[in-house]
Every structure is written in C-alpha cells, then in structure tokens.
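Beneath this line is the structure, given in structure tokens, with notes to follow.
The values are calculated or read from the model by the stated rules, or taken from the named source; none is laboratory data. Because the structure is predicted, anything quoted here is derived from the model rather than measured. Cβ placement follows ideal geometry from the backbone for every residue including glycine, while neighbour counts extend to all protein chains displayed. Quick note on the areas: whole protein, heavy atoms, side chains included, nothing else; ligands and nucleic acids left out. Shrake-Rupley method; radii C 1.70, N 1.55, O 1.52, S 1.80 Å.
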Amino acid sequence: MKAGILTFHFAYNYGAVLQAYALQKTLEEYEVDVSVIDYRVKAIENKNKQVRQDKNFLSNFKEVVSNRFHNSYLNKKHKKFDAFLDNYLNVTDRTYRNYKDIVSLDLDAYVFGSDQIWNPNITGGFDQAYFGGFLPDESNAKRLSYAASIGLSTLTSQQSTDFKRLIDNLDYISLRESQATELVSNLTNKPVSTVLDPTFLLQEEQWNDIIINPSINKKYLLIYSLEENLDMIKSAYNIANKYNLEVIEIKPRKKFRDAKHRIIVESGPREMLGWLKNADIVFTNSFHGTTFSLIFNKNFFVFPHSKVPSRMISLLELLKVEERLVRDSNDIENVNDIDYESTKKSLNYHINESKAYLKQALNKE
C-alpha cells in the first residue's frame, strides 16, 4: 500500500515536525510505503519568513538591532529543521501549492493529520487539501484523518456548514481532543474517534535513537514556552532556587536584552528532545512539551496556553494527571513525583486503541 501524509511538516515548529516523523515511522511499521506530501499552505509559509528589517534604520534602531540579533539565532535553528526534514522525513520531490494537483500522486491512502490542520485561523479558512478535496468522487483511495485538531472550542454558523460539507469526504475520522470529537460528532453521521497525538505512538527508545543530548554538567529546570507567561517564569525560579537547579528556557524568540537565565532559540528538533529528556523538571505551556514530558517520565507542570488550552487539558484529564495543570502558580510549593507506573498503564491502553483505529482504517488488522 502506498500512502501520503498531509500535515504541517514544513513549519519551523518542534511539535509539527516531530508528530509528522512519528506518524511516518508508525505507518512504516505497518509495512506502508509512506511519504509526506510536500503541500505548502501560504499562511504558514508567511509565518516561517524572517521579520523584515525596517528601511528607516535610525528611527527603529532598537527594533532593528533586536531583530538582527534574533535572526542570527533563527538562521541556525532553520538549518537544523531543514536538515531534519532532509534526513528523517520521506518528503515528496514535488512541492504542491495548489491542492488540486495532489491527485497526480495516485496513492492508495491519504492520512490527514496530525496537528491543527482543521484550524481555519491557521490555514486562512478551511483548506480542502486537508479533507481530501482534491480526490474525485469515483476515487477508491482511502481517506482518513489521524489526530487532527481544530484548535477551536466553537465554530460559527458558516464554519459549521463548510466543515460539515468537507468532513463527509473522509472514510474514517479521528481527532486529538475529546472536546473537538464532540464538536465534530454533531456535524456528521459518521463515527468519530479520539486518538492520541502521533508522538505517543513511538516508544521512548525510538525517540532516543534521534536525540542529540546537550553539553551541560549542571542539573536544570527546563522552561519550554510558546508564549510569554510571567507567572510560569516566576514559579520556575522559585522551584529552581529551592532544588538548586539552573533555569534554561526554550522559546520562539530571543530578544536583544533577555532574561537572566539561559535562553535557547537555535535548537533543532533533535536538540530540543535532548534538552527535554535530560531536564530534572519541566515547566511548559506547549502541548508537545507536555507529550514529551510524559514520554520521558519527567516531573512537569503545565500552564494552559492562553489561546489553545483545550488540547493539553484534555490530555492531562485523559491520563488522570490533572494535578500537573497549574491554575494558580502560588499552588506550586514542592515537586512530587508522578506515579508513572499507573500513568503508563493508562497511556499504553490509549496507545493500543489509537493504533487499532489506524490499522482498521488502513485495513491492516
């Protein structure tokens, strides 16, 4: 069987790249000849571009210096991401920017997901490519979503109408969050499943195969942030001081005059995994910061993302570790070990359920 994955593999985002890698590896284990379709969404490509410098250099001197300072690190990061795509993802030779051209691949199956491929705020409206809109009605190709995400708790009336029309293209439907599953179930008569993010489908040992460990002799607390959260920073300092840990932060942007602790912007996907795996404690507002904390059995705390908190909340509730969700940073006084023996039993159950869905959809039982 030949299959193609349609997802956000090309975004300079750790979670986007690593979930694509995990889904590809899982399909290969099922003896599927799989490729990642190099379909580029204009809205995301624009986000990948570096900040342009203002021509009026003198009037915006501080901003220009800050941007150039940041971009010097960003260039290093992008090279590592590009190398990861070249070496670890089976990306199609052809790049597609018109979704209608994808049909020329003539595959046996198309897998849509994971990531927020159905979030209209990211793709500039619902993108038909991620619903199989390029396939003619008479096509026999299988069309399935795996752990797709909407990233929204509600849809407008028009969005609901559009989504209902598009979702009927799929033969099998699965999403990443239970809240989204309920939302979609009300828009289709087809069965809708909730499955785990693809990163969980690989064992810890498989992630260890691609990790680049950091060169550091000190024990440290890692902050993995997608957005600024001063409460998280303050709380991290309190815990780090209490347990005599260095504070290190992975974040999207490095400012000219940044915090007193070490800021890392230039890591690629393999380096990020290394920093997270070797941390003593993790503080994060990232969904994939949460998933890899669980995979690597970390002591961690999750601060809900201000815009898309549902996916990390849903995951913690599913695995019954809601106590790691921080509503009030003042509540964190001590770090208690997670009962990973119990958590792993629950996680393994849902991993098996997720794999069973994928095998059934591909007729690989």
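Applying the criterion of being assigned to a helix (DSSP H, G or I) and either open to solvent by 50 Å² or more (accessible area, probe 1.4 Å) or modelled with pLDDT of 95 or more (or both) to the residues of the range 170-182, the residue that is nearest to TYR30 (Cα to Cα) is SER178.
Entry remark, the range 188-197: residues being of a type in the set (D, E, K, R) and open to solvent by less than 20 Å² (accessible area, probe 1.4 Å) number 1 in total.
Name every residue in the range 1-33 that is farther than 21 Å from SER286 by Cβ and either in a loop (DSSP other than H, G, I, E, B) or open to solvent by less than 10 Å² (accessible area, probe 1.4 Å) (or both), in order of residue number. MET1, ALA3, GLY4, ILE5, LEU6, GLN24, THR26, LEU27, TYR30, GLU31, VAL32, listed by residue number.
Among the listed residues SER185, SER225, identify the single one that is among the hydroxyl-bearing types (Ser, Thr, Tyr) and open to solvent by 10 Å² or more (accessible area, probe 1.4 Å).
Working: SER225 fails: open to solvent by 10 Å² or more (accessible area, probe 1.4 Å).
Within the list SER185, SER225, the selection yields SER185.
The set of residues from the range 125-155 being at negative phi, assigned to a loop (DSSP other than H, G, I, E, B) and within 16 Å of the chain's Cα centre (by Cα) comprises TYR146, SER149, ILE150, LEU152.
A search for C-beta distances below 6 Å between a residue of the range 154-169 that is open to solvent by 30 Å² or more (accessible area, probe 1.4 Å) and of a type outside the set (D, E, K, R) and any residue that is part of a loop (DSSP other than H, G, I, E, B) and modelled with pLDDT of 95 or more, counting only pairs 6+ apart in sequence or on different chains, returns ASN169/GLY132.
Scan the range 174-209 for residues that are under 24 Å from ASN348 (Cβ atoms), aliphatic (A, V, I, L, M) and more than 17 Å from the chain's Cα centre (by Cα) and jot them down. First the steps, then the outcome.
Going through the range 174-209, the residues under 24 Å from ASN348 (Cβ atoms) turn out to be 174-181, 191-209.
Okay, now just the ones that are also aliphatic (A, V, I, L, M), so 175, 180, 192, 195-196, 201-202.
Once the filter is applied, which keeps residues that are under 24 Å from ASN348 (Cβ atoms), aliphatic (A, V, I, L, M) and more than 17 Å from the chain's Cα centre (by Cα), the range 174-209 yields only VAL192.
Scanning the range 84-103 for residues that are out of contact with any Ser or Thr (no Cβ under 9 Å at 6 or more places or on another chain), open to solvent by 40 Å² or more (accessible area, probe 1.4 Å) and part of a helix (DSSP H, G or I) yields ASP86, ASN87, TYR88, TYR99, LYS100, ASP101. Residues in the range 344-352: is at least one crowded, with 18+ Cβ neighbours inside 10 Å and either without any contact (Cβ under 8 Å) to a residue 40 or more places away in the chain or closer than 23 Å to ASN208 by Cα (or both)? Yes: the range 344-352 contains one or more residues that are crowded, with 18+ Cβ neighbours inside 10 Å and either without any contact (Cβ under 8 Å) to a residue 40 or more places away in the chain or closer than 23 Å to ASN208 by Cα (or both).
Could you list all residues from the range 106-121 that are part of a loop (DSSP other than H, G, I, E, B) and open to solvent by less than 20 Å² (accessible area, probe 1.4 Å)? Residues satisfying the conditions are GLY113, SER114, GLN116, ILE117, TRP118, ASN119.
Within the range 325-365, the only residue that satisfies the criterion of being more than 25 Å from the chain's Cα centre (by Cα), of a type in the set (A, V, I, L, M) and farther than 23 Å from ARG311 by Cα is VAL335.
Here's the yes/no breakdown for (1) of a type outside the set (D, E, K, R); (2) out of contact with any helix residue (DSSP H, G or I) (no Cβ under 7 Å at 6 or more places or on another chain); (3) surrounded by 22 or more Cβ atoms within 10 Å (Cβ to Cβ):
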{"position": "ASN208", "(1), (2), (3)": "yes, yes, no"}
{"position": "ILE211", "(1), (2), (3)": "yes, no, no"}
{"position": "LYS218", "(1), (2), (3)": "no, yes, no"}
{"position": "ILE233", "(1), (2), (3)": "yes, yes, no"}
{"position": "LYS242", "(1), (2), (3)": "no, yes, no"}
{"position": "LYS251", "(1), (2), (3)": "no, yes, no"}
{"position": "SER306", "(1), (2), (3)": "yes, yes, no"}
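Can you pull out the strands (runs of 3 or more DSSP E) entirely within the range 190-303 that have at least 2 residues that are touching a residue at least 12 places away in the same chain (Cβ under 8 Å) and closer than 20 Å to ASN13 by Cα? Outline the logic, then answer.
On the way: elements: 192-194, 220-224, 246-250, 262-264, 281-284, 299-302.
Filter on the range 190-303 gives 220-224, 246-250, 262-264, 281-284.
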